Amino acid sequence: VRKEIAQALACAEEGELVIAEARLLGLADDHPEVAAVFLALGEVRVRRGHDEGAVEAYGRAVNLAKDAVDGWLGLGEALVRLRRPEPARDALRRVLAGTTESGLLGRAHAARAQLALAAGRAGESVRELRKATEACPRDRGMAAELGRALLAAGDQDGWRWLLHAAQDLVE
C-alpha cells in the first residue's frame, strides 16, 4: 500500500492531481482501514483546492489513527480556510499537544493566527505568528506574515520581519 501511495503522490508532484486522487480513491476502497491512504488523499485534495473533500479525507484519517498529527494539522488548516473556527481550533490543539516537530508546530501556530485575525483579534494573531516564527525561523513566508500582522497592529517592527522575509530575494 505504501508503494501505491508513493506512486499516487509522485503523480501529484508531476501535476497529475486528478489521476493521483483517482488512484487514492481506489486505494481507499481497497484499504478503508489504512490511515495513510486518507492522509495522502487529503493532501491531494488540498492541492486541488478542494478543502471540503480534504476535511472528509483527513477526518477519516484521524478517526483511524487518533495520534496522526499530520492528519489533525491538515484537517485544522482546511477548516481554517473553510472558516470553521471551532473545529479548526480543536484540531490545531491536538497538533500542539501531540508533537514537538518544529515544522508542524509552526504551521499549527500560523493557522491559529489566521483564526485570530479572522475574528478581529490582531494581538492574538501576532502572538501566534511569533510562536510560528520561533518554531520555523527560516520560513520566510511566516516571517512575512508576522511582518504584515505587526504593521497592521501599528508596530513598526513589522518592517524588520518583512526585510527578513525578503532576504532570500536579495542574496
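The values are calculated or read from the model by the stated rules, or taken from the named source; none is laboratory data. Here the structure is a predicted model, which means the values were calculated and not measured. Positions of Cβ are backbone-derived with ideal geometry, glycine not excepted, and every protein chain shown enters the neighbour counts. We work out accessible area using only protein heavy atoms, side chains counted, and drop any ligands, DNA or RNA first. Shrake-Rupley method; radii C 1.70, N 1.55, O 1.52, S 1.80 Å.
Once the stretch 84-136 is narrowed to residues that are among the acidic types (Asp, Glu) and in a helix (DSSP H, G or I), the residue that is most open to solvent (accessible area, probe 1.4 Å) is Glu134. Scanning the stretch 62-75 for residues being of a type in the set (Gly, Ala, Ser) and in contact with an Asp or Glu (Cβ under 8 Å, 6 or more places away or on another chain) gives a total of 1. Of the residues Leu163, Leu146, Leu150, the single one that is surrounded by fewer than 19 Cβ atoms within 10 Å (Cβ to Cβ) and either over 16 Å from the mean Cα position of the chain (by Cα) or of a type in the set (Asp, Glu) (or both) is Leu163.
Checked against the criteria, Val37 does not count as open to solvent by less than 40 Å² (accessible area, probe 1.4 Å), among the β-branched types (Val, Ile, Thr) and closer than 20 Å to Arg81 by Cα.
Please tell me if Ala91 is under 23 Å from Asp155 (Cβ atoms) and of a type in the set (Gly, Ala, Ser). Criteria not met by Ala91.
Arg112 - would you say it is of a type in the set (Lys, Arg), out of contact with any Cys (no Cβ under 6 Å at 6 or more places or on another chain) and closer than 26 Å to Val37 by Cα? Against the criterion (of a type in the set (Lys, Arg), out of contact with any Cys (no Cβ under 6 Å at 6 or more places or on another chain) and closer than 26 Å to Val37 by Cα), Arg112 does not qualify.
Considering only the stretch 40-71, how many residues are open to solvent by 10 Å² or more (accessible area, probe 1.4 Å) and of a type outside the set (Asp, Glu)? Explain how you work it out, then say what you get.
In the first step, residues of the stretch 40-71 are kept if they are open to solvent by 10 Å² or more (accessible area, probe 1.4 Å); the result is 43, 45-52, 55-56, 58-60, 63-70.
Filter once more, so that each one left must be of a type outside the set (Asp, Glu): 45-50, 55, 58-60, 63-66, 68-69.
Final tally of qualifying residues: 16.
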